[in-house]
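Novice: One structure, as structure tokens, below. Some questions next.
The values are calculated or read from the model by the stated rules, or taken from the named source; none is laboratory data. Predicted model, so just to flag it, every value in this text is computed and none were measured. Virtual Cβ from ideal backbone geometry, glycine too; neighbours counted across all protein chains shown. In case anyone asks, the SASA skips ligands and DNA or RNA and just uses the protein heavy atoms, side chains included. Shrake-Rupley method; radii C 1.70, N 1.55, O 1.52, S 1.80 Å.
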Amino acid sequence: MEEAGRMEAGVGAERRVVAVSNAAFEEDPPPYSPPDPKSAELLFPVVFHPQPHPHPPPFIPQPLPCTASVGPPGTGPPTAAQQPPKDYLVESVLVTLFCCLLTGLAALLYSHETRAALGRGDVAQAQAASKKAQSLVLFSLILGLFVSFSWVVYVLVALYW
């Protein structure tokens, strides 16, 4: 009987190929899956590292910048009076933390505005913002000292009166 089954399978029977598929990988992988190691060169392209030249390029001297002024007087190199304004950033942070939060934050904003104006090259606006930051820092310091001193006096009076 086995012989008959083998003969039937060999003579006139068709062979069927059964493909087993994994249902989890029929579609695109979920976004949290690890990348395919076969596509690593797409994710991490090889960076081209140029080889050094056998001979370095020749040194070409650059001209020095001219410091002489060819304009109206007072437009020469910067002096002590023409230095960029101070931004009071450190002072603003300190009075914000230790003295007065509200005016300290305002001083911090003006110190940031001073830096931004200097970055743009607007010296006039930077000086105005610097003056405001300086006055707010001083106001915050005086207000913080006054409140602290008042609190100490209040506690001493409440304890010993």
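Novice: For the range 113-132, what are the residues that are under 21 Å from residue 97 (Cα atoms) and open to solvent by 60 Å² or more (accessible area, probe 1.4 Å)?
Specialist: Residues satisfying the conditions are 113, 115, 131, 132.
Novice: Test residue 135 against the stated conditions and say whether it is open to solvent by 60 Å² or more (accessible area, probe 1.4 Å) and of a type in the set (Gly, Ala, Ser).
Specialist: For residue 135, the condition - open to solvent by 60 Å² or more (accessible area, probe 1.4 Å) and of a type in the set (Gly, Ala, Ser) - is met.
Novice: Mind checking which residues of the range 103-161 are out of contact with any helix residue (DSSP H, G or I) (no Cβ under 8 Å at 6 or more places or on another chain) and among the charged types (D, E, K, R)?
Specialist: Result: 120, 122, 131.
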